[in-house]
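Step one of this worksheet: look at the structure below.
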Amino acid sequence: MKSKLYFEAFSNDKDKLTEFLNKTFEAISKFKNFQVIDKKIADPITKDIKTPDGKTISGWSSYLEIYADFKDFDSLIDFILFYTPSRIDIEDIKEMKIITKDNEIKYNKEKINLLLNQIPQAINMKVSALLNIYLAQVKKDSKGPDNPALTNLKIK
């Protein structure tokens, strides 16, 4: 099952961004039940992002694109759940049928891609919500958002 998978990243350090995407590919390439056909890391571009408090953060944006062939649909689902790509495009599927006791449901390629892309989006929304709760607690415990220890946080 041939698919294109995209992983987006943002950093304030251009070299670290490229290094991160390369390490991401190294980790992903160890996944069993699929074969990498091609990979591409886009040249980083500068990008400004608005934060929830109205500030603007300038940094670098790029993405890793992987073209892969999965052994079967189960392997693709496992991959999506484990690595949560930003986007998934299945290329060589026409239709999928789900047969129940009373019904037969058919999904075309576009609907399958839409459903598959909702999985990592839901996971990322939950993780972001948990991270925001954690950061709010850290800010509260550190006596305010202007604490120098918070403005220099780096995730390694």
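Rule-based calculations on the coordinates, nothing more; no lab input. Since the structure is predicted, the reported quantities are computational estimates derived from the model, not experimental observations. Cβ atoms come from the backbone with ideal geometry, glycine included; neighbour counts cover every protein chain shown.
Summary table below
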| quantity | calculated |
| --- | --- |
| Selected residue [under 19 Å from the mean Cα position of the chain (by Cα) and either surrounded by 10 or more Cβ atoms within 10 Å (Cβ to Cβ) or not aromatic (Phe, Trp, Tyr) (or both)] from GLY54, GLY59 | GLY59 |
| SER61, sole failed condition from (1) in contact (Cβ under 8 Å) with a residue 12 or more places away in the chain; (2) in contact with a Ser or Thr (Cβ under 7 Å, 6 or more places away or on another chain); (3) not aliphatic (A, V, I, L, M) | (2) |
| Considering residues of region 1-19 that are of a type in the set (A, V, I, L, M, F, W, C) and buried (at least 17 other Cβ atoms within 10 Å of the Cβ) only, the residue farthest from ASN117 (Cα to Cα) | LEU17 |
| Residue that is surrounded by the fewest Cβ atoms within 10 Å (Cβ to Cβ), among those in region 102-121 that are under 14 Å from LEU5 (Cα atoms) and either aliphatic (A, V, I, L, M) or in contact (Cβ under 8 Å) with a residue 60 or more places away in the chain (or both) | LEU114 |
| Residue match in region 77-98 (condition: among the aromatic types (Phe, Trp, Tyr), part of a strand (DSSP E or B) and under 27 Å from LEU21 (Cβ atoms)) | no |
| Among the residues listed as LYS23, LYS39, the single one being outside any strand (DSSP E or B), of a type outside the set (Asp, Glu), surrounded by 10 or more Cβ atoms within 10 Å (Cβ to Cβ) and on the phi < 0 side of the Ramachandran plot | LYS23 |
| Selection status of ASP72, more than 27 Å from LYS111 (Cβ to Cβ), out of contact with any His (no Cβ under 9 Å at 6 or more places or on another chain), touching a residue at least 24 places away in the same chain (Cβ under 8 Å) and surrounded by fewer than 14 Cβ atoms within 10 Å (Cβ to Cβ) | no |
